[in-house]
Every structure is written in structure tokens, then in C-alpha cells.
Amino acid sequence: MFVNKAAVVGAGVMGGQIAQTIAAAGIPVLLKDIRQELVDRGLQEARSVTAGRFGALVQNGKLTADEAAAKTDAVLALIHGTTSYDGFGDVDFVIEAVPEKLELKQAVFGELDAVTPGHAILASNTSGLSITEIGDATLRPEKIVGFHYCYPAAVMPLIEVIDGEDTSAETLQAAMNFAQAIKKTPIRSGEVPGFVLNRILLSGLSEVWRMTEDQDLSIKAVDELIAGAKITPMGPYMLVNLLGLDTTFHVAEHMVAAYGPDRFYVHEGMATQVAAGKLGAKTGGEGFYKADGSAAATGGSKQPADDEIARLLELKVFAEAALVLQEGVATHRDIDVALMAGAGIDPARGMLPPFMKADEQGLDVVLERLEAAARKHGPAFAPPRILRRLVAQGRLGRSTGQGFYAYPQPDAVQPAGDDAVVQLETRGPVAIAWLASPPMNAIGPRTVEHLGKVHAAAKAGGARVFVIASANPQVFSAGADLKAFTTQDEDAGRGFIAATHALLRTLETDPVVTIAAVNGLALGGGCELAMACDVRIAAQSASFGQPEIKLGIIPGFGGTQRLPRLVGENKALEMNLIGDAISATEAWEFGLVNRTVVDHELLDTVLAWARRFAEQAPVAVARIKDVSGNSDLDAGIAAEQDAFAAVFATADAKEGIGAFLGKRKAVWSGT
């Protein structure tokens, strides 16, 4: 499903910012509300955000004032305000952003169902209401999805994509692709109260609120303590003041009703402020803090005796996150991404999201801390079963090479040197080649050289199985290093392509069995590297794609040849011509991957397969590999190399790569 035109229903501050994010990606968007003054407010918000963004580039010397004004006008020209449903007959994706009342949302969705084409996806920006119940108001429940922005929508990267009971896999993937197209960071969430971000954050904040009121603590002192401990980017009361006390209050009430008062709590002072209309910064007035930044008279005056309130916040956030994982609501990777992209938990600023932090601290240590907290503070801190299971397995985190994430434990001597971007780890007859080229494991000449050296060393050392895994917890490989292509002359570029093809053919034809452990994005050259392996095992949150067409080029490392052999000619042609990513589930359905597994079990599963392969008769394995792929692949590869070289020399290729590197939209000339 492709989005050529979108719409936003509900033109407040949030709706205006949502429309701006879509228009900024070059997609026309309708912005509708029931009254013109509301539409005007949304349009003004979109203008303010757009002008502010380009104005910042003027201050940085990257744009002139005239260029900024022209770019602002270009974005705003794509947003059309309306008080009717005129123009909705050809929209592809609608985001509803009306107030959080189920009956109102159902009424809007019933109207949208009648005025939009049957293929259109209808999405709700709800922060916690049931997607299934909202979809019940339509005749297309399979095309209803949650699409939850974080406030402020124009700034925060996160979008939670929520599937209702009837949401189809195609709708879910289309929503994920649309979120990426508008430069957002999507995660998938099951349909539970609070979804991922609000549920986890409010669980932790509940303990802060409870202790603050029980101990008559100063909210300013609590904020300073927690911010100083680098658990969150700002104190929790300051955060609520910025988000809006009314929004937080209503979501907190919803959490208490859904999960009970032992796990969630509503701050009494917040309830009082909301009743008095003191909603924080969003209304320009008083909330937990006054407009001048000083604390309002909403809390006590005592100073925290120690850092217990900060430690309990951290433990409760982890405990709730582990429950979200344990229930299958979201993967550990998506949960950590949600906290980073939606709550500003930034590793670069010394903060880590819950699972990364637990792995660093040691899961056995976290288990002991939770058990102690449960004895003192009650069952809300009871250690989740999944934590006990990992500790029982000896998966304690980075120190043991595996916790929630897998961590390289490279051999003392590295075939490609200590600064290699591919590191070798030997586990008996199994060799693991860890891709370690941050931030995206781009495949360039150095990667190919080092992977070749690691493979040769593993084979010389008697390895029976060669696993390719990623040291990056989010990405397998996002593709070829385009900067390397643009800085090489034609001969060097051809040499790099030839060396890459030679390496991939070695992986295919060598008697050593190869397994790709795909933990995240496998795009372009990353997907082609995985396809050259004998077996591909993917985490549930992994995705695969050949996006080269969007850059004006074609796959260069075998994507036009290996992909149809795996998924069939029709699906391969579709993927290569469209360039959108597909989910791990769809990849499995079409035969691109052999298995999908829950994310935190990926390495365990891969090693189990590797041990089985290592037990097989070596000569038989070699012969099976030799004859199984006995087709004229070399001729296809040769043709692909010639085509790639010809296409890469075109003006469109230069434009596509230049636009990608310059973070702008490409303009194709057809030459």
C-alpha cells in the first residue's frame, strides 16, 4: 500500500504538527476540523514548526533567509485546511487526532469509512484507547491501526504502531513503512492499555508520585535528584509539566483502572491542579511549576533522605518493561527504542534504556535488587519470570556475552587486526563473524576485506559453521557504503563490486555452512549478504528490503539474482521495483528466511542450528552445498555487474545518491 496523499482529522496543536511531519516529507495532506478557527490554529502550528526548523538552519549558516522562506512555503503548500470531507475520496492514509473519547473517535471513524476509498488505512493517534473498538465503527477493521505520536509530534521521533485484533499484517507493515517515509522511528506494539511508552513510564512515575506524597517531599528536590542520577533527561514533574497535567492525569487514571492501584498511582496534587485548570506549560500557566520555572505549591517541602526514590524509579521502569516483553506486547529492542525515541533516554548523555542498562548492570544484580525492593515495598517490584529464566540460563548480560542482547566476545587475536570492523569469535566448531562498523554496519571495502579475512581464518581453524551476526543491537546491515562508492574512481568501484561478489560466492560455495543471524534492519547490501548465506534466521522485529531503486540505482551485490531464487520471480520483482521493506514474518512466508524467533532468543536459536550443522558429515555437507545451488548463477551475476555499472554511471544515480546523502528528495531526469 502506497501513500501518495494523506489526511489528518483534528487540527489542534497535535494535529497541526502531525500534518507538518507529513508535508515535510513531500506528501500532500488534508488537515480537517469541524470549525475554521480550529483549522487555522492547526495551520498556524504547522507554519510555526516549519519556520522554526528552517530558521534554525539559517542561524547555523546552512540556509539563507530567502531559502528558508521558500522551503517553508513549499512545505505549507502541501497542507490544505478544510472543515469538510471534500478531497478525502483519494486519500491513502488518514490519522485521527481528536480528543481521547472513544465515542467521538468511533463517530469520526464511521464518517471516514464512508468518505475514503476502500484501500485507505485509517489510523488513530490515541494514546491508550482500544484500536479494535475504534475499528468496530467501520466496515474495514483489517485496515485500522494505531499510529501514536509522542508530544511534541514535530520533534519526538517515536511513533507506536499498534495492531488491533483485526489489523492485517499488510496494514501493519504499510504503517511502519509510512512512519519511516516521514522520517519517524516506528515500533510495533500490541493492543494493551498504555501501549509501550506510557505504560512503562507511568509505572515508574507512579512510584515517584507515591513516595513524594507519602514522605511530603519537595517536587523540585525530587526532580533534581532524578535528573542528576541520569535516569531520565529531566525530572518527572518537569516532564509532566511540559506534556500537560491533564493528559498525564487521564492516562494515569486509565492505567490504574486497567492494572490496579498496586502497580499504578494517580498523584493527588496533579488531580487538584487539573481540576483548577492549571495544566502546565501547554496553557502557558501554572502546573507543577510556574511560568518562571519556580516550583508551584503542589507538593511538600522535605528533601529526600537518600537516592531511594531514583533507584525505585529505575527498578519499576525495568520491571514493567520486562512484563511488556514477557506478555509479547513488544520486543525488547522495540521497548528500548521507545524509551530512547519517545522519552529522550539518550546513551550519548549517559542514560540507557531498561534492557541495555540491565545488561550492563548484570541481570543477577537486577534480580537481587528487585527481590529486595519487593520485600520492602510490595509485589509491584516482584521480579518478572523472564528475568529469572535468563539468570537461570546464565545469561547475565554483557559480562557473559548474552543477556537480553547478545554481545561479542572476540578472540584475543583478530585476523583483521584489533581495529577490525568484523570481529571473530570462536566457540568450538562454530565461528561468529560480528559486524562491528557503527552506526549502521554499512558494507564498504574495509568490511568486505575484513569479513574475507575472518572467514578464511575461521576455516583454517577448523570451523564447521560460520555465523554472521551484528554487534549493533538495532541493525544487521543497512546496506552498501554509498560514500565509498562516491569517493572511488570507476576502476576502484568495479574492483570493490567484484571483491564483494567473490566473497559472497565463497560463502555460498565453501563447504563451511553459513548462517545469517538477522537481528534488525537488513537492507540493500545487508539483505544481499544475508541471502548469500545458507540459512537465514531472523528476529521478529527484523526487516528486509532492496531499496536501491529509491536512489536511482539497482541492487549491486546479487539482489536481482538471489532474491528471485528465494522468494520467486514475482515477489522479487516487486521488492526490487518498489524498494519498501518487508517484515520478518512476510520474509518467512515467502521463503527469504528459514525461521523467525523472538528477538532475545535469536543467538540461542542460531547457535542451536550451528551445533546441529557442525555434527553432520563434512563431506556430505560439502557435496550438498555444491549441488543444491547448481544453476547458472555466475552468468546472472556477470550480467548484474554490467547492469549495475551502467546504471551507476547515470545522472539519476548521481542524483539519487546525492539526495540521500544530502537528506533531500531526489528529482529524476531519466538519464
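Quick note: the coordinates plus some simple rules give every number you see, no bench work behind them. In this text the structure is predicted, and so the values were computed from the model without any measurement. Cβ sites come from the backbone with ideal geometry, for glycine too, and all protein chains shown count toward neighbours.
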Q.
Can you give the FRET efficiency to the nearest 0.05 for Thr671 and Asp346, using r as the Cβ-Cβ distance and R₀ = 51 Å?
A. 0.70
(Q) As a test of the definition: which semi-axes, in Å, follow for the range 6-189 when you take the square root of five times each eigenvalue of its alpha carbon gyration tensor? Largest first, please. (A) 28, 17, 14
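So how do Val13, Val413 line up by other beta-carbon neighbours within 10 Å, fewest first? Kindly include the intermediate steps, with their values, before the conclusion.
Values: Val13 20, Val413 9.
Ordered by Cβ neighbours within 10 Å, fewest first: Val413, Val13.
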Q: Can you tell me which of 575-583, 488-496 comes out highest on packing, and rank the rest after it, using the mean Cβ neighbours within 10 Å?
A: 575-583, 488-496
Q.
Can you tell me the orientation of helix 36-59 relative to the chain, as the angle in degrees between its alpha-carbon axis and the longest Cα principal axis, to the nearest 10?
A. 60 degrees
Q. So how far apart, in nm, are the two label points at Ser301 and Thr426 if each is 7 Å from Cα heading toward Cβ?
A. 7.0 nm
(Q) Please list, ordered by chain and number, the residues whose modelled amide H lies under 5 Å from the amide H of Ala442; skip anything fewer than 5 residues away on the same chain. (A) Ala478
Q) Considering only the other residues whose Cβ falls under 9 Å of the Cβ of Gly299, what net charge follows from Lys and Arg at +1 and Asp and Glu at -1? A) -1
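For the chain, what relative contact order do you get, as a whole percent, if you take Cα pairs closer than 8 Å and at least 6 residues apart? Can you show the working numbers first?
On the way: 1280 pairs, mean separation 49.8, N = 671.
Worked out over the chain, it gives 7 percent.
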Q | the chain, dipole about Cα centre (Lys/Arg Cβ +1, Asp/Glu Cβ -1), debye to the nearest 20 | A | 960 debye
Q: Among DSSP beta bridges whose residues both lie in the chain, state the antiparallel percentage, nearest 5.
A: 25 percent
Q: Grab the range 58-203 and count how many Lys pairs have their alpha-carbon atoms under 21 Å apart, sequence gap of 8 or more, or different chains.
A: 7
Q. Taking the Cα atoms only, what angle lies between the long axis of helix 490-509 and the longest principal axis of the chain, rounded to 10 degrees?
A. 80 degrees
Q) So which chymotrypsin sites (Phe, Trp or Tyr not before Pro) in the range 1-98 pass both tests, a DSSP loop state and at most 13 other Cβ atoms within 10 Å of the Cβ? A) Phe2
Q: Report, in degrees rounded to the nearest 10, the 0 to 90 angle that the Cα long axis of helix 569-578 makes with the longest principal axis of the chain.
A: 50 degrees
Q: Read phi for every residue in the range 516-521 and hand back ³J(HN,Hα) as whole Hz from Karplus 6.51 cos²θ - 1.76 cosθ + 1.60, θ = phi - 60°, with x for Gly and Pro.
A: 9, 9, 8, 9, x, 5
Q. Using a Cα distance threshold of under 13 Å, what count of lysine pairs results for the range 192-406 when pairs must be 8 or more residues apart or interchain?
A. 5
Q: Using +1 at the Cβ of each Lys and Arg and -1 at the Cβ of each Asp and Glu in the range 192-406, identify which of Ala252, Gly350, Gly228 lies farthest towards the dipole's positive end.
A: Gly350
Q: Determine ³J(HN,Hα), in whole Hz, for all residues of the range 584-596 in sequence, where each value follows from phi through the Karplus function 6.51 cos²θ - 1.76 cosθ + 1.60 and θ = phi - 60°; x replaces Gly and Pro.
A: 4, 5, 5, 4, 5, 4, 9, x, 6, 10, 7, 8, 10
Q: Arrange the following residues from fewest to most other Cβ atoms within 10 Å of their Cβ: His148, His600.
A: His600, His148
Q | Bins of 10 Å from zero: percent of alpha-carbon pairs in the chain | A | 3, 14, 23, 25, 20, 11, 4, 0
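Treating only the Cβ atoms of Lys and Arg (+1) and Asp and Glu (-1) as charged, compute the dipole magnitude of the range 192-406 about its Cα centre; round to the nearest 20 debye. Don't jump to the answer; show the numbers that get you there.
Values: 22 positive and 26 negative charges, 94 e Å.
Roughly 460 debye for the range 192-406.
Express in % the proportion of alpha carbon pairs of the range 212-252 at distances exceeding 14 Å.
Working: 427 of 820 pairs.
Every Cα pair in the range 212-252 considered, those over 14 Å come to 52 percent.
Taking 25 °C and 0.890 mPa s as the conditions, I'd like the Stokes-Einstein D for the range 412-519 in µm²/s, using the Kirkwood hydrodynamic radius from alpha carbon pairs.
Values: Rh = 14.2 Å.
The Stokes-Einstein estimate is 173 µm²/s.
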**Q.** Ranked list, fewest to most other Cβ atoms within 10 Å of each Cβ, for Thr272, Thr50
**A.** Thr272, Thr50
